[in-house]
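The values are calculated or read from the model by the stated rules, or taken from the named source; none is laboratory data. No experiment lies behind these values; they were computed from the predicted model shown. Neighbour counts are summed over all protein chains in view; Cβ atoms, including those assigned to glycine, are modelled from backbone coordinates with ideal geometry.
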Amino acid sequence: MINKRLLIKNLLAHNDESSFYDKKRQLNLHSREGKGKFLKHICALSNSNPTNNSYIVVGVEDHDNEIVGDDFFDDSRIQNLVNAFLENPPKIQYENVPFPNLPKDKVVGLVTIKPKSKVSYFKKGIHTTPANSVFIRRGSNSVPVEGEIEKNYQNTETVIGIENSSRNSIQYTLDGVIDFMNFRHKDMSPKYHVFKELFVICWAGVPHKSRDKTFLSRVDIELINEQIKLFYSAQDVVTIVFDDDSFTITEYVPLGLNDKTSYYPLEQQTIHFFDNGYYKIDRKMLFQPPEFNRKMLYHIYNANMALLQKLQKGIALSDRELKDLENLPSTFMICYLNGFDEAKQKLIDAKLLLKPFGNIYLSFKEALRVLRKMKYDFQEGSK
């Protein structure tokens, strides 16, 4: 079992970026340019590593390898993005890896690209990359090539060596449990459970009961053996159910208008543990968007657009308007889900205006996370 925090350290210690790994300060998958760059690196790393894993490390400064972290990123639909644009797409996995020196809401992202013998190429264009483009790694660069690609096996031994030196140990597991329970979350009644005498999951959150069901907010859930964060949200709430073989997280998203908020089930994530030392994660989208009166939505949408126009002009908002601004991200999401097609792009365009407002900007990022999940789930369901 690989300790992902140790793996990241070993990758970063291996000189600079190479033909088997890349590093990024952050990912931007909200724009076509950002998606295009990400897919280009996936394509290149896959084609240059047909017999070994390759990696992208996210949340690291390029010039000096300083670990600065990035936002928790929900990977559950990222494979669908790769499948949508690449022919012979490799299997990829995005994991959120906590580091001791980072704030609670920051992690280092680790993208693992599984080896694939067939050549990956763009089956349709995106941004400046045309259809049928093929990329490989030349040193630390992802470059386009034409003609047949020669198989490259030069990284296999190196990558296997790095992975073997990143294996977990009892000491790493115990250190991880103690750090989670006694230091990072000692004020939140943290809990842990051991599955199959091998896997350890720790979780913490603020409990509150509603209709005989216990919800957790400010949730942090980690699979300690691999040092990966399974779930983190400062806003959404979850329920947790587990038995001897599985651990199930059901996420709920708060939505409402005019200060009336309800929690709607968003996604269910179940980790299944097996006696042979393996585990798998199943995800199921549960979200059914609430429907609201369209006339009322028009009124609220226009009022929110007026708030953004005031911010754009530098006009100070009243206390009541600031209160309305707190609900703007979820309001735009509700409008988009109720047929206001332009509302999503209007929300994305408001990023810089909302960034100075801490909690509102957090709500903005949560809204985009939910919309991204729904987009890829819809694409997968329509195939």
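Being part of a helix (DSSP H, G or I), under 25 Å from residue 202 (Cβ atoms) and not aliphatic (A, V, I, L, M) is the filter here; which residues of the stretch 156-189 pass it? Result: 163, 171, 172, 173, 175, 176, 179, 180, 182, 183, 184. Regarding residue 317, is this residue out of contact with any strand residue (DSSP E or B) (no Cβ under 9 Å at 6 or more places or on another chain), surrounded by 13 or more Cβ atoms within 10 Å (Cβ to Cβ), assigned by TED's automatic domain parsing to the domain that holds residue 340 and more than 25 Å from residue 373 (Cβ to Cβ)? For residue 317, the condition - out of contact with any strand residue (DSSP E or B) (no Cβ under 9 Å at 6 or more places or on another chain), surrounded by 13 or more Cβ atoms within 10 Å (Cβ to Cβ), assigned by TED's automatic domain parsing to the domain that holds residue 340 and more than 25 Å from residue 373 (Cβ to Cβ) - is met. For the stretch 81-98, a residue qualifies if it is touching a helix residue (DSSP H, G or I) at 6+ places or on another chain (Cβ under 8 Å) and surrounded by 17 or more Cβ atoms within 10 Å (Cβ to Cβ), and the qualifying residues are 81, 82, 84, 85, 86, 89, 90, 92, 94, 95, 97, 98. Of the residues examined, residue 49 is one that is farther than 22 Å from residue 366 by Cβ, in contact (Cβ under 8 Å) with a residue 24 or more places away in the chain, in contact with a Pro (Cβ under 7 Å, 6 or more places away or on another chain) and not assigned by TED's automatic domain parsing to the domain that holds residue 372. Please work out if residue 348 is at pLDDT 90 or above, farther than 15 Å from residue 253 by Cβ and either among the β-branched types (Val, Ile, Thr) or not in a helix (DSSP H, G or I) (or both). Yes: the conditions hold for residue 348. On inspection, residue 152 passes the criterion of being touching a residue at least 60 places away in the same chain (Cβ under 8 Å) and more than 30 Å from residue 362 (Cβ to Cβ). I'm checking my understanding of the structure. Among residues of the stretch 196-230 that are of a type in the set (Phe, Trp, Tyr) and free of Cβ contacts under 8 Å to residues at least 60 places away in the same chain, which one is surrounded by the fewest Cβ atoms within 10 Å (Cβ to Cβ)? It comes out as 215.
Does residue 380 count as part of a helix (DSSP H, G or I), acidic (Asp, Glu) and either assigned by TED's automatic domain parsing to the domain that holds residue 105 or at pLDDT below 90 (or both)? Give the steps one after another, and end with the answer.
On the way: part of a helix (DSSP H, G or I): yes; acidic (Asp, Glu): yes; either assigned by TED's automatic domain parsing to the domain that holds residue 105 or at pLDDT below 90 (or both): yes.
In short, yes.
Going by what's in this entry, would residue 29 be described as within 29 Å of residue 124 (Cα to Cα), outside the structural domain of residue 278 (by TED's automatic domain parsing) and assigned to a loop (DSSP other than H, G, I, E, B)? Can you show your working first?
Numbers: within 29 Å of residue 124 (Cα to Cα): yes; outside the structural domain of residue 278 (by TED's automatic domain parsing): yes; assigned to a loop (DSSP other than H, G, I, E, B): yes.
Taking the combined requirement at face value, the residue satisfies it.
Residue 247 falls short on exactly one of the conditions (1) in contact (Cβ under 8 Å) with a residue 40 or more places away in the chain; (2) among the aromatic types (Phe, Trp, Tyr); (3) within 30 Å of residue 324 (Cβ to Cβ), and that condition is (3).
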